[in-house]
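Working notes for the structure below.
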Amino acid sequence: MTCCGDRYRRILWWAAIIGGSVGTPLSKELLAQDAAKTPAPAAVSSPPALNFEDDVVPVLEVRCFQCHGAETRKAGLDLRRRFSILKGGDSGTALVPGKPDESLLVEMVVKKEMPPKEEDPLDARQIDLLRRWVASGAPIKGKGESPLETAEADNLVSDKDRQFWAFQPPIRPQIPAVKDLHRVRNPIDAFLLSKLEASGLSFNPDASKLVLMRRVSFDLTGLPPTLEEIDAFLADESADAYERLVGRLLDSPQYGERWGRHWLDVVGYAESDGYLDADRERPEAWRYRDYVIRAFQNDKPYDQFIREQIAGDELQDWRGPKELSNELVDQLVATGFLRTASDPTYPGYKEKPEIYKVLADTMQIVGSTFLGVTIQCARCHEHKLEPISQRDYYQLQAVFAGAYDPNRWLASGERMIPLATDAEQAAINAHNKAVAERVSALQAESNRLLGDHRDKVFHEKVPQVPAAVREMLKAALLIPAEKRNEEQKKLVAEHAPGVVIDDNAVFARFADLKKEIEKLQAAIAAESALTRPITQLRGLVDLDDKPAETFVLRRGDFNNKGRGVAPGVPAVLAASDFRLQPAPLPRSSGRRRAFADWLTDPKHPTTARLQVNRLWAWHFGKGIVETLDDYGHAGKLPMHPELLDWLATEFVAQGYRQKAMHRLMVTSTAYRQASTFDPARAAIDGENLWLWAFRPARHEGEVLRDAVLAAAGKLNRQMFGPAVPVARQPDGSVTSADDANGNRRSVYLQVRRSQPVTLMESFDTPKMEINCTRRTEAIVATQALTLLNSPFMETNARALAGRIIQAAPGRAERILFAWKLLFTREPTETERQALSTFLDSFVAVQLGDKLATAAPAERQAAEDAAWPHAALSLFNTNAFLFVD
Amino acid sequence: MGTGLTGVALASLLADDPLCADSSLPANDVHGLKPHHKPQARAVIQLFQHGGPSHMDLFDPKPELNKRDGQPMPKYFTDLVAISAHGGLMGTPFKFAPAGQCGIEYSEIIPHTATCADDIAVVRSMYTEHNNHEQALWMMHTGLTVAGRPAIGAWASYALGSENRDLPAYVVLRNDAALPVDGIRNWSSGWLPPRHQGVHLRNAGTPVLYLAPSTPVTPDVARLRTELMTSLNNEHRAGHRLIDPQLEARIASYELAARMQVSATEALDLAQETQETQELYGINDPKTAPYARRCLMARRLVERGVRYVQIFVEGQRWDTHSDNANATKAISTETDKPAAGLVKDLKRRGLLDSTLVVWGGEFGRTPVSQGGNGRDHHKQGFSLWLAGGGIRGGQAWGATDELGYHAVENRVKVADLHATILHLLGLDHRRVNYHLRGRDERLTDVYDAKILTPLLA
């Protein structure tokens, strides 16, 4: 891996000199060692000669240039050159060569007047260095100095940095010519085929109709085709039967569930706060999940999708209107995108480290979703691999400062948006206040009634207490138990049982009292039910139009504030003269709106590329850029840069419609080719890097669970709404209930960070520590154990067996039914034979000695008993678990 | 008990298949990984004392604290950290006495541990970065006070793998009923591949979740099912050479599952141990039995090549906010004999030299009282101990101030401890990296971690 230029090495080197204000943090111990190694000024051996450029600038650049440099020259002082220090500022020259005690440059830092009080003073070594340099006559390195430009360009990011492919807007390439034209169904094929042909390769033949049907059904909807769908598709012999199947699948609501789930990975969707043992739930999070699913179902243009998620509250003045339209509510819910990060804060616990962690995680999610550069590295120091400065990082943080204000922090549960206009809220609050008043009046009446009667009983019983202690007892009883002194405690313990009586004793003494109290309590309940709740959305809105000031945090430390920054975007992703220009709204900074507008500029270098590449990876198993969230120098280069750019520009040209991109991808020859092995092609490209065959893929955890439930006939396709609860079982596993609600699609199961659903977790459904830009695919023994032995699999294997037995009386028909249901095809002869052998052997084992003499009904019963075991075995096969 | 798969049957079926002849491979990274230098410890057993044991009552005698019992905390201490909510200084009611030839002092409530004094190096100058359980746990297990990173056991698994094909590299033995604070994430693989996650082996029933079918099946049926799956998978494979390694790995994973069924069950079968050994750990005393069983299981696991075993106490038993003396004594009684038994048993079997035992919690406790007789969380100074695996026993390293508040001499940060554990496993902490989002991540992150060379043999 290469470092990008000398600049970064220089920064690191400064860090070593000045004690780690930037770069890798260095411990105090280490610095002390370094200091010990540096010869003292008065040492016998003369210290090395100092010069301005090598020794002094590194200190000044980090500590002083912010105010006395290119951008600002406070007190008219510019410290960037020796001659400009000599010239000085409002207070005259700052440097008298040879005379440190007369030089303001030294005096100000010695007196700690500079840097200003809120910043750390220079340390002793730095001051000593300045002093020695002035004392030695303030030499420069060479013969002369370059002149100062009044507005020196921002040298953190150069135009050369902007030349890197990923930071340039995509340009629509020519569609290449290919030899094998009849394999080209659309431009995707031409791009791929041109590379294949260059290596002496070609596409595999098209996959069979049913292989393709199974592939595209799981891909677009996450579910297998039903038997009816299979038969209909087989019967459809028209030329565009496949295209129309694709259309049907894209139009099905299940498409939204499947692709919404992909997006939920990217944004790190979870329904709990993470952290702490409690891992507090986020009962309102599901609205964002439903928003995402609907956005895919309705093919919401991706640019609009981004604008709503980043700035849904700033697209229009949501606080203003008399009525909250569905559109407005939708846009507010969309900002749930910015609320997925773990958040340990709660009322009474709002610590700065946790607050800044929420900010950092949110920025990482935004960065990996839209920017494709690892901005998080610049939180503590200039990025070591990419042209991303710490300033870039904090400028981006400033975009969110109107809502995420560290000084006016709202805890996870407090940061909710009332789903009502101001007027509605006022009306509801007034109504609820009246209800509360009536309730408390009724409660007072109930208390009084009970209290009066208890007093009566008390007075009847008081004579039992010796007169001498009666008053003291009364006094003691009036004091809360924990505040009584020893004497009072003793008194109460001794005498109170006789006189203090519980409600039941009061009811026993006064016959009608209980009924009266109950009547009052019923009235209270009825009255309380009239309370009108205000639905709370989990989203993000600015607190007002006064966003918090954002500072560069040295070493990422919130106690070590550097200069303030305006909201901005990473400089390398925009033209050098680009400035983010938010237009404030009535109660909102407008910053996120401005940021979203920048992201959705059709010429944006990363927005479209990142999303088409993600779509590609989800369809083809691997991205054109393999590092889906990292397009920088540390990421991988695209395998097909022209194809990537063609897709990105096509996406924009199609109005950011994702379904158009799906259609392009899944109707291409590349997608339709068989996944079968070919020795000749494999000899050239053994890893199938150039895509000469479709890449078979293992089901994801959610798809596996849904496919099992579908095969068992138990999948509940009810859509939307609050999460389906999951719970830890006595055996330690986490599952949903085996009932209608519990058997809904996996996308609706509660995503509790501390309670991942066991089956899905073992098949790599992510844990959402931050977000998941790419799933891992592990093969471990626990998967085998789970698929073979878990109650979930066993139960559903039994249900599947029941379906199979119901479907037909004969063995051959049953096998055919099972194969169509599970594998979307007929069995091969070998498979048919294997299953028959299994059934026969099972019957033989079951009947034992009675095998020869058993009646047909007995044999049939034994064979029926074999089917749950057969079903479980089928669930465990690679043919079930993989999509060809 | 029924068997889901018969190991022998499946193994023989696979052996018949030429493609599977050498399928001893994947699934668990076996043998393929090399240490950076000659390891002193082959395995680590971490006796994790969740809750934060009170160092002043166990390993760090403070006569001055006892002398000032009941007095207010001196101002120069409280200036540093606000502990206004707390009462005055609270000495320990327990007596300390020199132990072993080394004469290191141990509290009277851990008499068995004291008998191992010559094998133990006590560190009395630990400090950490957070006073909350969660953050301190993350620090101790994963190296930073943030969630989501891999635990040290996962790093060990990632760097070294397991020495046993049939058992996971990183095993967690916890009380089945009471999870520690932050639950299963204490042994998470974080962003490392999931196979490095700690595998919780249960104390009772089947040691691994779903190790056996929930409805038992006869060996005959299990064999038939396996045969069916094998022939269907072979048929499928014929057409899918493209993803051969994946399919093969999946078939191998079933083989491993079958072997685990035998080997994990065998590894945790304490009935194979003699009465004398069981007694050494305290299995016959109901008070010590639960922890003793886990300690003995740990020995059996490292004997069989498991790389990293972590034993948790029941919940956060050391979290003695009230009635510190009695609570500390109670949990000491439950764990002292088993922990000492483990060290002695490892030693007499010649395993101690190659097994590092680490005893300690996420932080210590305050020298001032909380609510009159409790002690609160305390990050500025606490104790832990190490034994075996390249550690020179019979010493105490570092010191807290006269009140046990701040670690003041030879301060040891958590990263130093981590670097030392990895060092003893033959690993350079700076070179155990995982590339993530453009950065080489490591357990010790950006800390200037130092190997605790004075502790080494």
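Within chain A, the longest run free of GluC sites (Glu not before Pro) that sit in a DSSP loop with at most 12 other Cβ atoms within 10 Å is A:415-686. If each Cα of the stretch A:477-521 is one equal point scatterer, what is log10 of I(q)/I(0) from the Debye formula at q = 0.15 Å⁻¹? Here the Debye-derived log intensity ratios amount to -0.55. Spin-label model, B:Val446 to A:Glu53: label points 7 Å out along the Cα-to-beta-carbon direction sit 3.0 nm apart. Give me the distance between the Cα centres of the stretch A:64-89 and the stretch A:413-480, rounded to whole Å. The stretch A:64-89 and the stretch A:413-480 have Cα centres separated by 70 Å. When you count the other C-beta atoms within 10 angstrom of each residue and take the mean per peptide, B:113-123, A:834-844 line up highest first as B:113-123, A:834-844. Computed 3J(HN,Hα) for the stretch A:455-468, one whole-Hz value per residue from the Karplus formula 6.51 cos²θ - 1.76 cosθ + 1.60 where θ = phi - 60°, is 4, 4, 4, 4, 5, 5, 9, 3, x, 5, 7, x, 4, 4, glycine and proline marked x. Within 10 Å of the Cβ of each residue in B:443-450, the mean number of Cβ atoms contributed by other protein chains is 3.
For A:Arg563, the residues whose amide H sits under 5 Å from its own are A:Val552, ignoring neighbours fewer than 5 places away on the same chain, with H placed 1.01 Å from N. Relative contact order of chain A, taken over Cα pairs closer than 8 Å and 6 or more residues apart, is 16 percent. Within straight cross-link reach of B:Lys344, meaning Cα distance under 14 Å, which aspartates and glutamates are found once same-chain residues fewer than 8 apart are removed? Straight-distance partners of B:Lys344: B:Asp118, B:Asp119, B:Glu276, B:Glu279, B:Asp336, B:Asp353. Cross-link partners of A:Lys519 among lysines, defined as those whose alpha carbon lies under 24 angstrom from its own and excluding same-chain residues fewer than eight positions apart: A:Lys433, A:Lys456.
Of the three principal axes defined by the Cα atoms of the stretch A:59-115, the extents in descending order read 29, 22, 19 Å.
Rounded to the nearest Hz, the phi-derived 3J(HN,Hα) couplings of the stretch A:94-101 under the Karplus curve 6.51 cos²θ - 1.76 cosθ + 1.60 (θ = phi - 60°) are 9, 9, 10, x, x, 10, x, 6, where x marks glycine and proline. Near A:Arg280, the amide H atoms lying under 5 Å from its own belong to A:Asp273, A:Gly274; only residues 5 or more places off or on other chains count, and H is placed 1.01 Å from N. Above 16 Å, the calculated P(r) of the stretch B:215-286 contains 67 percent of its Cα-Cα pairs. Per residue of B:206-219, other chain Cβ atoms within 10 Å of the residue Cβ number 5 on average. For A:Leu537, the residues whose modelled amide H falls within less than 5 Å of its own, excluding neighbours fewer than 5 places apart on the same chain, are A:Ile417, A:Leu419. Using a simple spin-label model with pseudo-atoms 7 Å out from Cα toward Cβ, A:Asp503 and A:Ala529 lie 2.0 nm apart. Based on the Kirkwood radius over alpha-carbon pairs, what is the Stokes-Einstein translational diffusion coefficient of the stretch A:829-884 at 37 °C with 0.692 mPa s viscosity, in µm²/s? Rounded, D is 267 µm²/s.
Here A:Lys357 is the anchor, and the aspartates and glutamates within straight C-alpha reach of less than 14 Å, apart from those fewer than 8 places off in the same chain, are A:Asp273, A:Asp343, A:Asp405, A:Asp557, A:Glu769.
Here the protein assembly as shown carries DSSP beta bridges of which approximately 60% are antiparallel, counting only pairs with both residues inside. Starting from the Cα gyration tensor of the stretch A:91-188, take the square roots of the eigenvalues, sort them a ≥ b ≥ c, and report rounded, prolate or oblate (rounded when a/c is under 1.5, otherwise prolate if a/b is larger than b/c, else oblate). Prolate shape, in that a/c is at least 1.5 and a/b is the bigger ratio. Under 8 Å for C-alpha pairs, at least 6 residues apart: give me the relative contact order for the stretch B:351-457, rounded to a whole percent. With pairs under 8 Å counted, the relative contact order is 23 percent. From the alpha carbon centroid of the stretch B:206-261 to that of the stretch A:374-390 is 47 Å.
Look at the stretch A:841-853: the mean tally of other chain Cβ atoms within 10 Å of its residues' Cβ atoms is 2. Legend: residue pairs A:Lys74/A:Lys111; A:Lys87/A:Lys160; A:Lys714/A:Lys820, Cα-Cα distance threshold 25 Å; pairs beyond threshold, A:Lys87/A:Lys160. Of the beta bridges DSSP finds with both residues in chain B, what % are antiparallel, to the nearest 5? Taking every DSSP beta bridge within chain B, about 50 percent pair in antiparallel fashion. Taking a ≥ b ≥ c as the square roots of the eigenvalues of the Cα gyration tensor, the stretch B:368-431 is prolate, since a/c reaches 1.5 or more and a/b is larger than b/c. Is the protein assembly as shown rounded, prolate or oblate when judged by the Cα gyration tensor, a ≥ b ≥ c being the square roots of its eigenvalues, rounded requiring a/c under 1.5 and prolate requiring a/b larger than b/c? Rounded, because the longest to shortest axis ratio a/c is under 1.5.
Applying the Karplus relation 6.51 cos²θ - 1.76 cosθ + 1.60 with θ = phi - 60° to the stretch A:765-782 yields 3J(HN,Hα) values of 4, x, 8, 6, 6, 10, 8, 10, 8, 7, 7, 8, 9, 9, 10, 9, 5, 5 Hz, where x marks Gly and Pro.
With both labels modelled 7 Å from their Cα along Cα-to-Cβ, the A:Phe83 to A:Asp240 distance reads 7.4 nm. Legend: calculated FRET efficiency, B:Leu456 to A:Ala198, from the Cβ-Cβ distance at R0 = 60 Å, rounded to 0.05, equals 0.55.
Which distance in Å, rounded to a whole number, links the C-alpha centroids of the stretch B:391-430 and the stretch A:808-884? Computed from Cα coordinates, the inter-centre distance equals 62 Å.
No lab work stands behind these numbers, since they all come straight from the coordinates. What you see is a predicted model, and the numbers here were worked out from it, not measured in a lab. Ideal geometry is used to build each Cβ from the backbone, glycine not excepted, and the neighbour counts take in all protein chains shown.
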